[in-house]
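A.B. asks: Below is one structure. I have some questions about it.
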Amino acid sequence: LITHDLGVVAEVAERVVVMYAGRKVEEAPVGQLFRTPRHPYTQGLLGSMPRLGSSLTGTETRLAEIPGLVPSLKQKIPGCVFASRCPHATDLCRQVAPALELKAPGHIAACHYATKEGAIAA
């Protein structure tokens, strides 16, 4: 199943692969990914989802967005594909593509600073 609708993912999938600019940035069991996303792009995606009932409680707000533009895929992107939009990016991120690393049992992410606890330690 390929979709941008995370609500559908939550209902029908057991595992989720998150891709950005053609690269896998995170993979985990669906519940674990929604509870503790490790990659900043995944965190941004989840933060931009509408919240059920927010208009009923008077807490209507604009949806969060991930700042910046998706990079052009016409040329190879050096470093992390999300670095130009990541609030935690450093020179390391812009120069060296992070490898997919195990962050929890069955949970991998490609981020130099994603910790095993789910926080970003940049």
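A.B. asks: Fewest to most neighbouring Cβ within 10 Å: what's the order for Lys24, Lys103, Lys76? Can you show the working numbers first?
C.D. replies: Numbers: Lys24 14, Lys103 21, Lys76 6.
Lowest to highest Cβ neighbour count: Lys76, Lys24, Lys103.
A.B. asks: When the Karplus curve 6.51 cos²θ - 1.76 cosθ + 1.60 is applied with θ = phi - 60°, which whole-Hz ³J(HN,Hα) does each residue of region 35-41 get, with x for Gly and Pro?
C.D. replies: Those phi angles translate into 7, 9, x, 9, 8, x, 5 Hz.
A.B. asks: Hey, fewest Cβ within 10 Å first, where do Ser72, Ser48 land in order?
C.D. replies: Values: Ser72 8, Ser48 12.
Listing Ser72, Ser48 from fewest to most nearby Cβ atoms yields Ser72, Ser48.
A.B. asks: Let me ask another. For Val25, what residues show an amide H to amide H distance below 5 Å, using hydrogens built from the backbone and excluding near sequence neighbours?
C.D. replies: Val18, Met19, Tyr20
A.B. asks: Explain nothing, just compute: Karplus ³J(HN,Hα) = 6.51 cos²θ - 1.76 cosθ + 1.60, θ = phi - 60°, for every residue of region 5-19 in order, whole Hz, x for Gly and Pro.
C.D. replies: 8, 5, x, 5, 4, 4, 7, 10, 9, 9, 10, 10, 10, 9, 10
A.B. asks: Full-extension gain between Asp5 and Arg94, please, as 0.36 nm times their residue separation minus the C-alpha to C-alpha distance.
C.D. replies: Details: separation 89, 0.36 × 89 = 32.04 nm, distance 2.88 nm.
My answer for the length gained is 29.2 nm.
A.B. asks: Pop out the ³J(HN,Hα) list for region 65-75 in order, Karplus 6.51 cos²θ - 1.76 cosθ + 1.60 with θ = phi - 60°, rounded to Hz; leave Gly and Pro as x.
C.D. replies: Per residue, the Karplus-derived 3J(HN,Hα) values read 10, 8, x, x, 10, 5, x, 5, 9, 6, 10 Hz.
A.B. asks: For Thr42, Thr115, which order do you get if you count the other beta carbons within 10 Å of each Cβ and list the fewest first?
C.D. replies: Details: Thr42 25, Thr115 12.
Ordered from fewest to most neighbouring Cβ atoms within 10 Å, Thr42, Thr115 come out as Thr115, Thr42.
Bear in mind these aren't lab numbers, they're just calculated from the coordinates by the rules spelled out. Note that the coordinates shown come from a computational prediction; the quantities given were computed from them, not determined experimentally. Cβ atoms come from the backbone with ideal geometry, glycine included; neighbour counts cover every protein chain shown.
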